[in-house]
Each structure stands twice: as structure tokens, then as C-alpha cells.
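Here the structure comes first, spelled out in C-alpha cells, and everything after it is commentary.
The values are calculated or read from the model by the stated rules, or taken from the named source; none is laboratory data. Just so it is clear, the structure is predicted and the values come from calculations on it, not from any experiment. In this analysis, Cβ positions are derived from the backbone assuming ideal geometry, glycine residues included, and neighbour counts consider all displayed protein chains.
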Amino acid sequence: MSLTQALDTALAGLTVTQTSLGLVAANVANAQTPGYVEKTANQVTTTAGVAGDSVRVDSINRQLDQFVQQQLRTETSGGGYADMRASFYQQLQQVYGQPGSSTAFDAVYNNFTQAVQALAASPDSTSAQTSVVSTAQALTGQLNSMSSSIQGLRSQADQGIATDVQLANQAIGEIADTNRQLGSNSSTDATAAALEDQRDQAIMQLAKLMDIRVVSGDHNQITVFTGSGYQLVGTEASHLSFTPSGSLTPGQQWNADPTKSTLGTIELTSSGGTPIDLVANGGIRSGELAAYLQMRDQTLVQAQTQLDEFASQMSQSLSDQTTAGTAVTAGSQAGFSVDVGGVGPGNTVQLSYADAATGAQHQVTVVRVDDPSALPLDPTIAADYPGTVIGVNFSGGMASVVAQLNAALGPQGLQFANPSGTQLQVLNANSGTSVNAFSATATATSLTGGSAALPLFTDGAAPFTGTVSSAGVERTGFAGRISVNGALIADPSRLTVYQTSPPTPAGDPTRPSFILNQLTTTAYNFSPATGVGGTAAPYNGTLTAYTSQVVSQQSQAAAGATNLQQGQDMVVSALQQRFTDSSGVNVDTEMARLLTLQSTYEANARVMTTVKQMLDTLMQM
């Protein structure tokens with residue numbers, strides 16, 4: 001090897017060593033920088049023919065465990081979902097109150113029933129009457145407050161979606177910018193490694209918001225998809241859009257059918273592409289966004305439904321009166337007749353019959369629906385009533401009611417008629433069909449109507465009947481509107497006095513006993529939409545048992561969400577530590593590497609000094 005060749009080799013060694021020393025310095029300086037990946041120089045031997053071997057830096061390596069990194073991204077999405085979900089459940093738990101506390105939902109209801117029980121024992125007691133009214137007001141106030149809090153949480157989730165969509169768009173934009181820079185020929189190895197660190201940070205932020213899948217491409221570029229396969233970013237960024245709704249009300253609900261939905265959805269638009277509804281297409285399965293959507297559109301909607309169902313069942317249990325039909329015959333035909341004059345919108349007529357073919361028993365519920373645009377009834381609404389459900393418009397008079405019923409049930413061997421006034425009659429149309437029962441349920445609107453039933457609770461100032469219209473059902477949001485009848489607040493004695501002519505006997509316990517029985521003893525079928533029970537077997541029980549079920553269910557759900565959060569956080573923490581151990585900076589290792597590089601630098605420098613001395617000697621000769 002010539003002296004010039006030796007000098008070139010030593011100079012190359014110094015250059016490589018200087019690059020490595022710079023990387024060690026950068027590694028140590030960024031040891032605590034989030035997302036920084038340890039970097040090393042990849043040295044390769046260069047052969048210069050007979051001149052001998054030299055060395056150069058081929059590339060800058062990022063000491064990255066890609067398998068652990070991908071696992072960390074996946075679990076980070078799960079962690080974002082679990083953390084946000086647990087946070088909302090903790091807030092929801094406060095709305096219902098801790099089980100066993102005096103402010104819990106079931107405790108407030110029990111205070112009301114205990115006051116009614118005291119009134120049933122002392123019907124003439126003014127203080128007992130006043131206590132029932134005051135505890136009823138406390139209960140309605142609690143329901144109003146709980147409903148407001150739940151809608152506040154839904155509004156919070158809606159705004160959270162808007163914020164996360166903005167953050168996701170920022171991350172997507174950063175990833176696209178980095179991809180373009182990495183694809184250009186102007187990026188040096190050191191610059192490329194730094195850009196990849198920045199891009200990984202953006203990807204990790206995106207993973208916290210939603211489930212993603214990262215696919216590597218040429219020139220260190222990557223493409224990011226949602227977990228369900230929709231492309232978010234490559235060299236060009238797609239755009240997410242969402243319109244927040246502000247303060248939400250119970251009637252505002254998301255629906256996969258955009259013509260029925262009253263809440264914003266998340267749309268993904270690629271460059272030059274058409275929008276895709278990620279919510280309707282199940283495009284977001286994990287991350288904070290999935291948790292926000294679940295809370296806004298499912299969990300909190302169900303929580304509101306539980307309260308609305310309780311408020312409506314409690315109100316109707318005290319105000320609804322069912323009148324059994326009177327048996328009638330017409331020649332060989334037999335059936336029943338019932339007065340439907342008091343049946344208002346939302347009230348029902350019940351029919352039981354056995355068909356001619358098999359003798360099977362059938363139950364039919366006829367719901368008065370005077371809004372033509374709400375007919376036929378939506379299946380989700382019909383599911384709240386027993387048996388076969390038929391919506392009938394009563395606004396056209398009895399002839400129209402009869403015609404609608406004959407059209408719906410005539411083929412089943414039933415014949416409807418209006419013999420007089422507001423009487424509705426049903427007879428078997430053939431000898432094989434038998435009508436077993438026929439009755440009508442109407443809402444009592446007077447405190448002194450002569451029966452124990454009374455409109456103790458009202459929808460604002462109006463009686464609650466469960467009206468069904470194109471806008472939905474009256475039950476929706478009723479917990480936020482329920483109040484104690486103003487006439488009862490003005491005169492609590494009406495809790496005992498149920499008729500004025502003839503006067504109710506002094507000390508008559510009829511109405512207080514009725515109220516107590518309806519509130520604590522009578523069992524009701526609750527809507528499957530409450531989540532208490534199931535669609536095939538809706539929950540059946542007393543109002544007291546239902547409140548306990550709701551509080552217990554919410555407590556268990558909150559505990560389950562907390563357990564999931566803790567477990568997921570442990571997984572994310574463990575993976576983060578593994579990633580740091582494999583890809584982060586170990587200062588001790590860097591110091592050892594520094595000593596080695598110093599020795600290498602000194603050796604190369606000594607070679608250059610020796611070569612210089614030899615060249616000087618040659619020049620002097």
C-alpha cells in the first residue's frame with residue numbers, strides 16, 4: 001500500500017468515526033425525547049482495486065423493533081378506547097349515584113314510596129299528603145337532573161369527536177408531508193432518520209385516536225389504512241370531516257340512514273374521491289373516536305332510555321285505566337264490545353283471540369296513532385308493546401277505525417263494527433275463530449274522575465299518554481320533562497279525594513292504597529331498549545326492582561370499564577417498555593460505544609501522523 005493510499009484510508013476512517021461520534025452525541029442528547037429511536041452508522045468496506053480496502057458510511061440505521069412497534073400501535077388504540085370509555089362511565093356512575101347512598105336513584109324512589117306507604121296508613125294526614133307531594137317533586141327533580149347530565153355527557157362526546165377528528169387530520173397531514181420528503185432525492189440519511197422519527201410520532205398519535213394498519217413501501221414511505229381497510233394517507237392525505245351538534249337533546253340520535261339521522265357522522269374523503277361514512281360502514285373500531293361514538297350513540301342513549309322508560313311506566317301505572325269489554329253475540333257470532341271514547345293518542349286497545357286453523361292464542365295491541373306519517377309503526381316502536389302491534393288512526397272517526405281494523409285483522413277471521421257512539425265491537429267471522437278478550441286502556445286526566453287512577457305525573461303541564469308521531473314517541477326524553485301535577489301541588493288532599501259527587505268518605509284509603517300497590521307491587525314489562533333483560537325476554541318486575549336493576553347494572557358496567565382500562569394500560573405500559581428497551585437510547589451503551597470510537601479515532605489519527613512523518617522524510621531525501 002502506498003503512503004497516499006494509507007492516508008486516504010485513514011482519512012476515510014476518521015470521517016466514518018466522526019459520523020458515528022455525532023450519532024452518539026445525538027443519541028445521548030435525545031435519550032429522554034419521546035419517540036426518538038437510537039441511531040447507528042452502518043459501515044461498509046469499499047474496495048479500490050489494488051489500492052486496498054477503505055471504509056464509508058452506507059446508511060444511518062434506526063434500531064427499531066418493528067414487530068413490537070406494530071403491537072404497541074394496536075394496543076395504543078385499545079388503550080385510547082378503554083381510557084375514554086372508563087372516563088365516561090365514571091361520570092355516568094355519578095349521575096346514577098353510588099349503590100346504597102342516600103342520593104342514588106333507587107334511594108330517592110324509595111323515599112317516595114315510603115311517603116306513599118305512610119299516606120296509605122293515614123289517608124287524612126295533611127303532613128303525609130304533603131310528604132308524598134314533596135318526595136314526588138324530589139324524584140321528578142332527580143329525573144330531570146339525571147336526564148340533563150346524560151345529555152351533557154352526550155354533548156361532551158360529540159365535541160370530543162370533533163376535537164379528535166381535527167387531531168387526526170393534523171397527524172394524517174404530517175404523515176403525508178413526511179412521505180413526500182422521504183421520497184425526494186434531496187433527503188440525506190441523517191435527515192431521513194429524523195423524518196421517520198417524526199412520522200412515527202404522528203402515526204402513534206393517530207393510533208390513539210383510531211385503529212390503524214401501516215404498510216411499508218419504497219423509499220421509506222408508508223401507507224396508513226383504518227383497521228377496516230379504508231386508506232387514510234399515502235403520499236397524499238385523505239380528509240376526515242365531522243360537524244358537531246352543540247348541546248344534544250334526547251331526540252337527537254344517530255342513524256345509519258342519513259334521512260333519519262339527526263347527529264353528525266365522520267366522513268372520509270380521499271383526494272379526488274367521494275366521501276365514505278366511516279360510522280355507517282364500521283370503519284372505526286377502536287381508539288378514542290370509537291369510545292366517543294359508542295358513548296354518544298349507544299351507551300348514553302340506552303341510559304336515557306332507562307330513565308325515560310321508568311318515568312313513563314311510573315306515570316302510566318297511576319293514570320292508565322283499563323276497561324274490559326262486554327260480551328256480545330250476533331246470531332252465531334260471539335265477541336266483545338268496548339267503549340273507546342276515552343282512548344287518546346298513544347293509548348291502546350287489547351285483543352286476545354284463537355285462530356281457526358290451529359287454535360293458537362294470539363294477542364294484538366292496537367295503538368292510537370293519529371299522525372298518518374307515523375304509520376305503519378316503526379318496528380323499534382312496535383317492539384315496546386306486547387303481541388302483534390297495529391297502529392290505527394282514530395282522527396277520521398269510528399267508521400275509519402273499523403275499516404282499518406277489518407283490513408288488518410279481517411283475514412284472521414275477525415269482524416269489527418261500530419254498533420253505536422264510540423263503541424267498538426269485535427266478533428268472530430267464522431265458527432273456528434274465538435274472541436277471548438277485548439279491552440281499552442285510557443289515560444285519566446282528572447284528579448277527581450271517580451276512580452283511584454290519577455295523573456299524578458305530567459309531561460310538563462299535559463297528561464302523559466305515550467303519543468306516537470313522526471317525530472318519535474312521547475317517551476323519548478320524558479325523564480327530562482316529567483313533573484308533578486300542578487293541581488296536586490296546589491291541593492295535596494286530592495291524593496285521597498278521588499270524587500266529589502258523592503264525596504269521598506273521610507279516611508278512605510282507596511287511592512293511597514292503589515298508588516302504593518302500583519308503585520311497589522305490580523309488575524310491568526319494560527322495553528328491551530333499556531338493556532335490562534333482553535329482546536326475547538324483556539325485564540318484568542316492579543318499579544322498585546327495576547330501579548335497583550338499573551343502578552346495579554350501571555355500577556357493574558362502570559366497574560367493568562375500569563377493569564378493562566387497568567388491564568389495557570398494563571399492556572400498553574409493558575409494550576412501551578419493551579419498545580424503549582429495544583429501540584430507545586441506553587446511555588451506558590452509548591458511553592461504551594464512545595470509548596471505542598475514541599480509540600478508533602486516535603488510531604486513524606496516528607496513522608495519518610505517521611504517514612505525514614514518512615512523507616516529510618521522503619521530501620527531505
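Here are the numbers for the structure shown:
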read-out: Among (1) without any contact (Cβ under 8 Å) to a residue 24 or more places away in the chain; (2) in contact with a Phe, Trp or Tyr (Cβ under 7 Å, 6 or more places away or on another chain); (3) crowded, with 21+ Cβ neighbours inside 10 Å, the one test that LEU405 misses; value: (1)
read-out: Unique match (being in contact with a Pro (Cβ under 7 Å, 6 or more places away or on another chain) and either modelled with pLDDT of 95 or more or assigned by TED's automatic domain parsing to the domain that holds ASN393 (or both)) among GLN425, GLN415; value: GLN425
read-out: Test result for ILE161, touching a residue at least 12 places away in the same chain (Cβ under 8 Å), surrounded by 17 or more Cβ atoms within 10 Å (Cβ to Cβ), at negative phi and touching a strand residue (DSSP E or B) at 6+ places or on another chain (Cβ under 8 Å); value: no
read-out: Count - residues of region 218-272 that are surrounded by fewer than 14 Cβ atoms within 10 Å (Cβ to Cβ) and closer than 25 Å to THR380 by Cα; value: 8
read-out: Residue list for region 423-436, filter: loosely packed, with under 15 Cβ neighbours inside 10 Å and either under 47 Å from the mean Cα position of the chain (by Cα) or in a strand (DSSP E or B) (or both); value: ASN436
read-out: Filtered residue count, region 213-231, keeping only those that are closer than 19 Å to VAL165 by Cα and either under 20 Å from the mean Cα position of the chain (by Cα) or part of a loop (DSSP other than H, G, I, E, B) (or both); value: 5
read-out: Filtered residue count, region 269-280, keeping only those that are more than 20 Å from the chain's Cα centre (by Cα) and either hydrophobic (A, V, I, L, M, F, W, C) or assigned to a strand (DSSP E or B) (or both); value: 2
read-out: Top-ranked residue in region 530-566 [being more than 18 Å from the chain's Cα centre (by Cα) and touching a residue at least 24 places away in the same chain (Cβ under 8 Å); ranked as surrounded by the fewest Cβ atoms within 10 Å (Cβ to Cβ)]; value: THR535
read-out: Search result, residues across region 501-512 that are at pLDDT below 90 and either within 24 Å of ALA479 (Cα to Cα) or among the polar types (S, T, N, Q) (or both); value: SER501
read-out: Residue check for ALA417: touching a helix residue (DSSP H, G or I) at 6+ places or on another chain (Cβ under 7 Å) and closer than 30 Å to ILE515 by Cα; value: no
read-out: Selection count where residues are in contact with a Leu (Cβ under 9 Å, 6 or more places away or on another chain) and among the hydroxyl-bearing types (Ser, Thr, Tyr), scope region 505-529; value: 3
read-out: Identity of the residue in region 513-533, under 21 Å from PRO386 (Cβ atoms) and not polar (S, T, N, Q), that ends up modelled with the lowest pLDDT; value: GLY533
read-out: The listed residue being closer than 28 Å to GLN565 by Cα and in a strand (DSSP E or B), out of LEU293, LEU240, LEU289, LEU248; value: LEU240
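One line per residue, one yes/no per condition, for (1) part of a loop (DSSP other than H, G, I, E, B); (2) assigned by TED's automatic domain parsing to the domain that holds THR422; (3) of a type in the set (D, E, K, R):
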{"position": "ALA311", "(1), (2), (3)": "no, no, no"}
{"position": "GLN316", "(1), (2), (3)": "no, no, no"}
{"position": "ALA327", "(1), (2), (3)": "no, yes, no"}
{"position": "ALA334", "(1), (2), (3)": "no, yes, no"}
{"position": "VAL338", "(1), (2), (3)": "no, yes, no"}
{"position": "VAL343", "(1), (2), (3)": "yes, yes, no"}
{"position": "VAL349", "(1), (2), (3)": "no, yes, no"}
{"position": "SER352", "(1), (2), (3)": "no, yes, no"}
{"position": "ALA356", "(1), (2), (3)": "yes, yes, no"}
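Here's the yes/no breakdown for (1) modelled with pLDDT under 95; (2) hydroxyl-bearing (Ser, Thr, Tyr); (3) closer than 14 Å to ALA157 by Cα; (4) more than 14 Å from the chain's Cα centre (by Cα):
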residue	(1), (2), (3), (4)
GLY234	yes, no, no, yes
GLY246	yes, no, yes, yes
THR265	no, yes, yes, no
GLY282	yes, no, no, no
VAL301	no, no, yes, no
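Rundown of residues vs (1) surrounded by fewer than 20 Cβ atoms within 10 Å (Cβ to Cβ); (2) outside any loop (DSSP other than H, G, I, E, B), yes/no style:
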residue: GLY466; (1), (2): no, no
residue: ALA479; (1), (2): no, yes
residue: ILE489; (1), (2): yes, yes
residue: ARG494; (1), (2): no, yes
residue: ALA506; (1), (2): yes, no
residue: PRO512; (1), (2): no, yes
